[in-house]
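Structure, as structure tokens:
The values are calculated or read from the model by the stated rules, or taken from the named source; none is laboratory data. Bear in mind that the values here come from a model prediction, so they are computed numbers and not experimental data. As a convention, Cβ positions derive from the backbone with ideal geometry for all residues, glycine included, and neighbour counts pool all protein chains shown. Note: accessible area is taken over every heavy atom of the protein model, side chains too, but ligands, DNA and RNA are not part of it. Shrake-Rupley method; radii C 1.70, N 1.55, O 1.52, S 1.80 Å.
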Amino acid sequence: RTTMKSLRFISAEAFVSNAEFARKSLGAVAHDLFPLLFKASYLLEQGEVIHDLVENWPLFDFNMGKLLGATVDYEEDLSHRTCSVCLESCLTGLRDYVLNQSSPYMKKLKVVDLTGIKDVEVQFCKCKKTMGRWARTQLLSKLCSDLLVYLQQAQCNPGTIEVSINVLIDLFVTERNYKLVVQALLKKCSCPLKICCVAFRSDNLTLQKFFYIIKLTDPSLLRKLEIVHNVHLEMEHLEMLFNSIHFPLLMSLTLPARTFNVRRFTATDEQMLTNIGEKMGEMTQLTELSMSFSILTGRIQKLLSPLKTPLKMLDVSNCSLNHADMAFLANSFHANHLEALDLSGHDITELYPSTFFKLLNHCSSVLRSLTLEDCNIQDAHVNMLILGLSPCQKLQEFKFIGNPLSSQALKHLFTFLCELPMLKNVEFPVPRDCYPIGITYPIDDASVCRFDHQKYERVAEELNLILLQANREDVKASTPLFGSYDAAVQETNNELGAYLIKSFKETLEKFTSSFNKMS
């Protein structure tokens, strides 16, 4: 679909397309045209022009989400273009804004907001090189450090020292960029560019380093905290975190796998869980909670009942929930507000069908995303599932990978899914009849690719034809065998892979050493 451009935007494109002319002429450009020229430059990937626009920015704020979002002059939202050329030009332009002593404009800039940039799987920029969240964290931290070194060495204009700009960013810290980020945060007071962390994601960090850096970020400003994968945070560490640090603005919390394991609980652990629930209850802004791959059997009420604000997003996938947990969720005040729900890894049709459908009915008026992967949903359950999903008229995303459904059942389900008006994304399983007879579910990683690929392609074509015949070309249907796309994991997979190999090697060495001692 071609997006309409106003004459102003077409003129702006023409102006910035000749980089040399545009850069020379910026001094004569009216202040209110800078946002228009910035978006036009971003669309055309004119890195040098972007740099100079930012270096001479004449306005009080610079908000990437608003600048690249839909505007009257050009409706297309460019905030999902994490083009490396554009973003690097933007950030180096910001550094040079501080250093530029000959700018024709008085330095007014006070706030730079980089949080509106969205990392997506498919990039439309010509360079095809992206700058993800980790790389943006790395570059901004480096620029802040370089800036301080330069200011200390050079005889700068006193006006440069007086520049103070809050840079709002979503930080992503791993072992590889930890030192650089810590350095930038420690010297925040003396740096003209002041990193203000709005969201923090940590992966592949020791607990000691995580606790140190989280205190440096100014947790009182934090709205989103993601502690994932290779941060070995357990329940006692979480209690310690909540006891030592307050998160008054926190809206979203993601905890790593195995944070909780009720199977080895003692009386002390029960009290610890109560304390954690109470601390979360003090976070009055908290509306998103992800606790996947923890064992929480029978403890959901203890953890969630102290919350004073209803949750809009809940991920309790693979948490071994029992009937009491599901009954609490279905009857809690959260149920009527849930916009995103992930119950993957639970045999919902066998263990608690009526309670699950009660929960689904309660959140049906607001539910936008539902994930039911590896839930043992079989052909016999499809009609019941259709009945449960029928009121969910706002559903935009439905993921049900890993369920033992036949191609016939999938066609029946897709015919119904065409009727959901807001639906945009469906992730469906490889049909059971594409696998060898006798395959058991959940399918292990070694067997997940051993299916009849030609038959699968034929079925996928038939399912897409059902969408096409119902005029639902707007719905994307796919089968990501190893899970949905995760921009953060994709960006750091080399580091995480190296970490896993190192961990495996250390475990193997310990085992060999123990075995040799026994011998």
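Taking the Cα centre of segment 1-157 as the origin, how large is its charge dipole in debye, to the nearest 20, when only Lys and Arg (+1) and Asp and Glu (-1) carry charge on their Cβ atoms?
Values: 19 positive and 18 negative charges, 31 e Å.
Dipole about the Cα centre, nearest 20: 140 debye.
Quick one: if you stick a label point 7 Å off each Cα along the C-beta vector at residue 32 and residue 282, how many nm between them?
Each label point is offset 7 Å from its Cα along the Cβ direction, giving 4.8 nm.
Before I look further, what does segment 7-131 give for accessible area per residue, probe 1.4 Å, in whole square angstrom? Each step should come with its number before you reach the end.
Numbers: 5720 Å² over 125 residues.
With the other protein chains kept in place, segment 7-131 gives 46 Å² per residue.
What pairs in 39/66; 142/179; 399/476; 224/476; 107/194; 129/399 have C-alpha atoms more than 18 Å from each other?
On the way: 39/66 10 Å; 142/179 10 Å; 399/476 11 Å; 224/476 28 Å; 107/194 16 Å; 129/399 29 Å.
Too far apart for the 18 Å limit: 224/476; 129/399.
I'm spelling it out carefully: the read-out is semi-axes √(5λ) of the Cα gyration tensor in Å, the candidates are [x] 31, 28, 27; [y] 43, 31, 23; [z] 36, 32, 25, and one was derived from this structure. Which label?
Here the calculated entry is [y].
What are the ³J(HN,Hα) values, in whole Hz, obtained from phi via the Karplus relation 6.51 cos²θ - 1.76 cosθ + 1.60 with θ = phi - 60°, for each residue of segment 60-74 in sequence order, with x given for Gly and Pro?
So the J values, rounded to whole Hz, are 6, 9, 9, 10, 4, x, 6, 5, 9, x, 4, 10, 4, 6, 8.
If you roll a 1.4 angstrom probe over the protein chains with everything in place, what fraction of the accessible area of segment 182-249 belongs to carbon and sulfur, to the nearest %?
Values: 1560 of 2740 Å².
Carbon plus sulfur share of accessible area: 57 percent.
Using only Cα atoms, locate the centre of segment 54-106 and the centre of segment 416-457, then give the distance between them in Å, rounded to an integer.
For segment 54-106 versus segment 416-457, the Cα centre distance is 44 Å.
As I understand it, the dipole of the chain uses +1 on the Cβ of Lys and Arg and -1 on the Cβ of Asp and Glu, about the Cα centre. Which of 174, 324, 22 lies farthest toward its positive end?
About the Cα centre, the residue reaching furthest to the positive side is 22.
With a bin width of 10 angstrom, please list the P(r) values of segment 240-308 as percents of all Cα-Cα pairs, from the 0 bin to the one holding the largest distance.
Binned Cα distances yield the sequence 19, 57, 23, 1.
Of all the accessible heavy-atom surface of segment 394-461, with the other protein chains kept in place and a 1.4 Å probe, what percent is carbon and sulfur?
Working: 1780 of 3360 Å².
Using a 1.4 Å probe with all protein chains present, segment 394-461 comes out at 53 percent carbon and sulfur.
Using the Cα centre as the reference, give the magnitude of the dipole from point charges on the C-beta atoms of the chain (Lys, Arg: +1; Asp, Glu: -1; all else neutral), rounded to the nearest 20 debye.
On the way: 53 positive and 58 negative charges, 205 e Å.
Dipole size: approximately 980 debye.
Residue 266 to residue 153: FRET efficiency via 1/(1 + (r/R0)^6), r the Cβ-Cβ distance, R0 56 Å, to the nearest 0.05?
Numbers: r = 58 Å, r/R0 = 1.03.
My answer for the efficiency is 0.45.
Over segment 123-276, how many percent of alpha carbon pairs lie in each 5 Å bin up to the one with the longest distance?
With 5 Å bins starting at 0, P(r) equals 2, 8, 16, 18, 17, 13, 10, 7, 4, 3, 1, 1, 0.
Just tell me, in residue order, which DSSP H segments of the chain are both 27 angstrom or longer along the helix axis (alpha-carbon based) and at least -1.0 in mean Kyte-Doolittle hydropathy.
Values: long enough: 133-153 (30 Å, 0.00); 487-518 (45 Å, -0.44).
Helix filter hits for the chain: 133-153, 487-518.
Tell me, what % of the accessible area of segment 7-131 is carbon and sulfur with a 1.4 angstrom probe?
On the way: 3250 of 5720 Å².
Roughly 57 percent, rounded to a whole number.
Give the accessible surface of segment 199-502 per residue, rounded to a whole number of Å², with probe radius 1.4 Å and ligands, DNA and RNA excluded. Please list the in-between numbers first.
Numbers: 13620 Å² over 304 residues.
In whole numbers, segment 199-502 has 45 Å² accessible per residue.
Based on a Kirkwood Rh over C-alpha pairs, give the Stokes-Einstein translational diffusion coefficient of segment 119-212 at 20 °C and viscosity 1.002 mPa s in µm²/s. Kindly include the intermediate steps, with their values, before the conclusion.
Values: Rh = 14.7 Å.
Taking Rh from Cα pairs, D becomes 145 µm²/s.
Please compute the volume of the convex hull spanned by the alpha-carbon atoms of segment 7-131 and report it per residue in Å³. Let's see the in-between values first.
Numbers: hull volume 12.3 nm³, N = 125.
Output value, Cα hull per residue: 98 Å³.
Express in whole angstrom the spacing between the alpha-carbon centres of segment 348-396 and segment 225-267.
One Cα centre to the other: 29 Å.
Segment 199-502: Rg/Rh from Cα coordinates, Kirkwood Rh? It would help to have the intermediate numbers written out before the result.
Numbers: Rg = 20.3 Å, Rh = 20.7 Å.
Radius of gyration relative to Kirkwood radius: 0.98.
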